[in-house]
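One structure is given below, encoded as structure tokens.
The values are calculated or read from the model by the stated rules, or taken from the named source; none is laboratory data. The model shown is predicted, which means the values in this text are computed figures rather than measured ones. Because the Cβ atoms are built from the backbone with ideal geometry, glycine has one as well, and the counts that use them run over all protein chains shown. Remember, those area values only see protein heavy atoms, side chains included, never the ligands or the DNA or RNA. Shrake-Rupley method; radii C 1.70, N 1.55, O 1.52, S 1.80 Å.
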Amino acid sequence: MTRTTASYLEQGEYQRDTDYLTTRITADGRDGYPVEPGRYRLVVSRACPWANRSIIVRRLLGLEEALPMGVTGPTHDARSWVFDLDPGGRDPVLGIHFLRDAYLARDPGYDKGITVPAVVDVPSGAVVTNDPQQITLDLAVEWRAHHRPGAPDLYPEDRRDEIDEVMDRVYRDVNDGVYTCGFSSDQGAYERAFRRLFDTLDWLSDRLEDQRYLVGDTITEADVRLFTTLVRFDAVYHGHFKCNRHKLTELPVLWAYARDLFQTPGFGDTIDFDHIKRHYYEVHTDLNPSGIVPLGPDLSGWVTPHGREALGGRPFGDGTPPGSPPPAEVVPAAHTPLR
Ligand SMILES: N[C@@H](CCC(=O)N[C@@H](CS)C(=O)NCC(=O)O)C(=O)O
């Protein structure tokens, strides 16, 4: 039986599966998979925050042609993700319906999580990596020769220690922290995760009060990682995962910061609120047995002025924002407040 994140509901304290396929795609090909435009396919669900990071980074760096993307539907059963949005229910390049088949092509005995994001080697049809932390860092560093002109440096060498330090706390207490709250089956474990989450949001709020981005004065990988949790906060985590000390919209600094990023090309244009809500409320039947997907919240606030330009900062450093997403990757108008 394939393990899924849902199986951790059996434990009092939720433990995230970090047992990844960690083969890396690198410029020098040291793991046997060299960076090669058009060779790999990034498979995502727009619902998933970990996959969302890779969609954003790919957009910011202009890697859409070099690394084409397959998008699964927002919901899945115990067999995990399926390409049910594509004509005939198959990914047009990989030719598969179940993402699981790409994991089995890598290892016929594979029994770990069938997760997104996953990068698939198209010639063999096999997953190379599903390690979300490393995938985006490698897009920023190893794929540099294929970045668009004007791409930002999301992981600048002289800031890496600080970026890593911030990301470490954000990962533990925020990105993963919301899941720890939501999947705890023990009151004490939930309360500890809840306090750590909101203590860290308060810390981030203080840090961002006078500075536009988390590290330095430009957008970095750290901002991408925080954003993908913040953008899901009121739509899902506040209610579904019981992260309800405050809504994001009640935390003025973080709400303005999140809107600023949402309105930056490459961030908000990757967000599909319909997929996000359907995924969590329909897939986690343990937490939401009725499968009812809430109609709210009102999303119109995401496109209101945020005022963060007054803090200065240079979003793309010496570079430029990305252009519009390729037409095939535009999020349907009914799923986003962006016009
Ligand atoms: N497990 C990874 C992130 C990837 C992940 O958990 N993705 C989820 C979606 S948000 C998934 O694909 N779950 C599939 C499943 O549980 O069947 C991590 O620890 O960072």
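What pairs come out if I take residues in region 102-127 that are on the phi > 0 side of the Ramachandran plot and pair them with residues that are within 16 Å of the ligand (Cβ to nearest atom) and outside any loop (DSSP other than H, G, I, E, B) whose C-beta lies under 7 Å away, six or more apart or interchain?
Correct list of pairs: Gly125/Ala102.
Only residues that are more than 26 Å from Asp298 (Cα to Cα) and open to solvent by less than 60 Å² (accessible area, probe 1.4 Å): list them for region 319-339, please.
Hits for region 319-339 are Gly319, Pro322, Gly323, Pro326.
If you go through region 124-145, how many residues are closer than 11 Å to Arg24 by Cα and surrounded by fewer than 18 Cβ atoms within 10 Å (Cβ to Cβ)?
1
Got a sec? Which of Thr180, Thr200 is within 16 Å of the ligand (Cβ to nearest atom), polar (S, T, N, Q) and in a helix (DSSP H, G or I)?
Criteria check complete, one pass: Thr180.
Would you pick out the residues in region 106-121 that are within 10 Å of the ligand (Cβ to nearest atom) and not in a loop (DSSP other than H, G, I, E, B)?
Within region 106-121, Ala118 is the sole residue that qualifies.
Are any residues in region 231-249 farther than 22 Å from Glu282 by Cβ and open to solvent by less than 20 Å² (accessible area, probe 1.4 Å), and if so, which ones?
Hit for region 231-249 is Leu248, nothing else.
Residue-by-condition table, conditions (1) in a loop (DSSP other than H, G, I, E, B); (2) among the charged types (D, E, K, R); (3) modelled with pLDDT of 80 or more; (4) surrounded by 17 or more Cβ atoms within 10 Å (Cβ to Cβ):
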| position | (1), (2), (3), (4) |
| --- | --- |
| Arg3 | yes, yes, no, no |
| Leu9 | no, no, no, no |
| Tyr20 | yes, no, yes, yes |
| Asp31 | yes, yes, yes, no |
| Gly38 | yes, no, yes, no |
| Ala47 | yes, no, yes, yes |
| Ala51 | no, no, yes, yes |
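Test each condition in (1) under 26 Å from Asp223 (Cβ atoms); (2) open to solvent by 40 Å² or more (accessible area, probe 1.4 Å); (3) modelled with pLDDT of 95 or more for Arg16 and report the one that comes out false.
(3)
Please list, ordered by first then second residue, the pairs with beta carbon atoms under 7 Å, 6 or more apart or interchain, first in region 75-88 and at positive phi, second away from the ligand (no atom under 15 Å from the Cβ).
Taking only residues 6 or more apart or on different chains, not a single pair turns up.
Of all residues in region 277-316, how many are closer than 21 Å to Leu248 by Cα, part of a helix (DSSP H, G or I) and not small (Gly, Ala, Ser)?
The qualifying residues number 10.
Could you go through region 122-132 and let me know if any residue there is in a helix (DSSP H, G or I) and in the same structural domain as Ser54 (by TED's automatic domain parsing). First the steps, then the outcome.
The initial filter retains those residues of region 122-132 that are in a helix (DSSP H, G or I), namely 132.
So of that shortlist, the ones also in the same structural domain as Ser54 (by TED's automatic domain parsing) come out as 132.
Yes: region 122-132 contains one or more residues that are in a helix (DSSP H, G or I) and in the same structural domain as Ser54 (by TED's automatic domain parsing).
Starting from region 156-179, take each residue that is farther than 23 Å from Val231 by Cα and list its partners that are at pLDDT 95 or above and among the small types (Gly, Ala, Ser), counting only C-beta distances under 6 angstrom and pairs at least six apart or across chains.
From residues that are farther than 23 Å from Val231 by Cα, the pairs are Arg159/Gly216.
Return the only residue of Tyr110, Tyr103 being of a type in the set (Phe, Trp, Tyr) and either more than 22 Å from Trp50 (Cα to Cα) or open to solvent by 10 Å² or more (accessible area, probe 1.4 Å) (or both).
Numbers: Tyr103 fails: either more than 22 Å from Trp50 (Cα to Cα) or open to solvent by 10 Å² or more (accessible area, probe 1.4 Å) (or both).
Among Tyr110, Tyr103, only Tyr110 is of a type in the set (Phe, Trp, Tyr) and either more than 22 Å from Trp50 (Cα to Cα) or open to solvent by 10 Å² or more (accessible area, probe 1.4 Å) (or both).
Just checking, which of Tyr103, Tyr155 is at pLDDT 95 or above, aromatic (Phe, Trp, Tyr) and assigned to a helix (DSSP H, G or I)? Full working, then the answer.
Details: Tyr155 fails: assigned to a helix (DSSP H, G or I).
Selected residue: Tyr103, the only one of Tyr103, Tyr155 that is at pLDDT 95 or above, aromatic (Phe, Trp, Tyr) and assigned to a helix (DSSP H, G or I).
Return yes when Asp318 is in contact (Cβ under 8 Å) with a residue 12 or more places away in the chain and acidic (Asp, Glu) and no when it is not.
Against the criterion (in contact (Cβ under 8 Å) with a residue 12 or more places away in the chain and acidic (Asp, Glu)), Asp318 does not qualify.
Residues that are outside any loop (DSSP other than H, G, I, E, B) and more than 25 Å from Phe194 (Cβ to Cβ): does region 236-257 have at least one? Outline the logic, then answer.
Applying the first criterion (outside any loop (DSSP other than H, G, I, E, B)) to region 236-257 yields 236-240, 248-250, 252-257.
After this cut, where a residue has to be more than 25 Å from Phe194 (Cβ to Cβ) as well, the list is none.
No, region 236-257 contains no residue that is outside any loop (DSSP other than H, G, I, E, B) and more than 25 Å from Phe194 (Cβ to Cβ).
Considering only region 61-82, I want to know if a residue exists there that is outside the structural domain of Phe262 (by TED's automatic domain parsing), open to solvent by less than 10 Å² (accessible area, probe 1.4 Å) and touching an Asp or Glu at 6+ places or on another chain (Cβ under 6 Å).
yes
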